[in-house]
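This report concerns only the one structure given below.
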Amino acid sequence: MDLTGFQWTREPESCKIDVDRIEIITKPHTDLWQRTYYHFQNDNAPVLQMETEEPYFSFVVKTEFAESHHRFDQCGVVMYLDSENWLKGSVEYENEEYQHLGSVVTNHGYSDWATTVIDASVKSMWYRLSRREDDYCIECSADGIRFRQMRICHMHKGKGRIRFGIYACSPEKSSFRAVFSAMQLLDCQWKAHDGQQPD
């Protein structure tokens, strides 16, 4: 995938971009979160994205996070429109026993967080972000072949021109190396619904 069209929304202090591989060293106290439950607003995570008006596509990326070691260390796929409208999918480190594989959807300045517990030994994950106009699907995979659904959502500002890509951050006092590779931009792999017809 040609990375020349990607631009930083916020650039990390340390990163390395090769033809097909990106490394980001996270900085402590960086995060994306808006209001819900914690009541604070964090909006300073490095985000590298490309723009598109294409209403139907899928974006695939492999993440590796062997060095993540502190609570909430994370890296993954993102669609960041502005500080109050974005979505992300990632594995967030919790402790030596388990992590949270999950997604956050933020509409109009309020975030949610949907998770499932996975073993702490998992140190890589593939993601596939798919778009059908202003509806989105995030999927994950252990091998880049068999993907399973994590989240379907609607983005209130997700129609027309959008930006999507990757991010990495360490919300607490930590830092780690996040590696992104095998990025692909594909025809939409999220098929149209074949069940009940729209009202």
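The values are calculated or read from the model by the stated rules, or taken from the named source; none is laboratory data. Just so we're clear, the structure is a prediction, and the values are computed from it rather than from any experiment. Glycine also receives a Cβ, built like all others from the backbone with ideal geometry; neighbour counts cover every protein chain displayed. Areas reflect the complete protein model, heavy atoms only, side chains present, ligands, DNA and RNA absent. Shrake-Rupley method; radii C 1.70, N 1.55, O 1.52, S 1.80 Å.
Just so you know, in the stretch 55-69 the residues that are assigned to a loop (DSSP other than H, G, I, E, B) and either of a type in the set (Val, Ile, Thr) or open to solvent by 60 Å² or more (accessible area, probe 1.4 Å) (or both) include one that is nearest to Met1 (Cα to Cα), and it is Ala66.
Pairs meeting the criteria (first residue in the stretch 11-40 and more than 19 Å from Ser90 (Cα to Cα), second residue open to solvent by 50 Å² or more (accessible area, probe 1.4 Å) and at pLDDT below 95, beta carbons under 7 Å, at least 6 apart or on different chains) are Arg35/Gln41.
In the stretch 103-115, is there at least one residue being open to solvent by 40 Å² or more (accessible area, probe 1.4 Å), of a type in the set (A, V, I, L, M, F, W, C) and part of a loop (DSSP other than H, G, I, E, B)? Yes, there is a match, as at least one residue in the stretch 103-115 is open to solvent by 40 Å² or more (accessible area, probe 1.4 Å), of a type in the set (A, V, I, L, M, F, W, C) and part of a loop (DSSP other than H, G, I, E, B). For the subset of the stretch 16-27 comprising residues that are open to solvent by less than 50 Å² (accessible area, probe 1.4 Å) and not aliphatic (A, V, I, L, M), which member is farthest from Leu101 (Cα to Cα)? Here the answer is Glu23. Restricted to the stretch 120-164, the set of strands (runs of 3 or more DSSP E) holding at least 3 residues that are of a type outside the set (D, E, K, R) and either open to solvent by 60 Å² or more (accessible area, probe 1.4 Å) or more than 19 Å from Ser181 (Cβ to Cβ) (or both) comprises 148-154.
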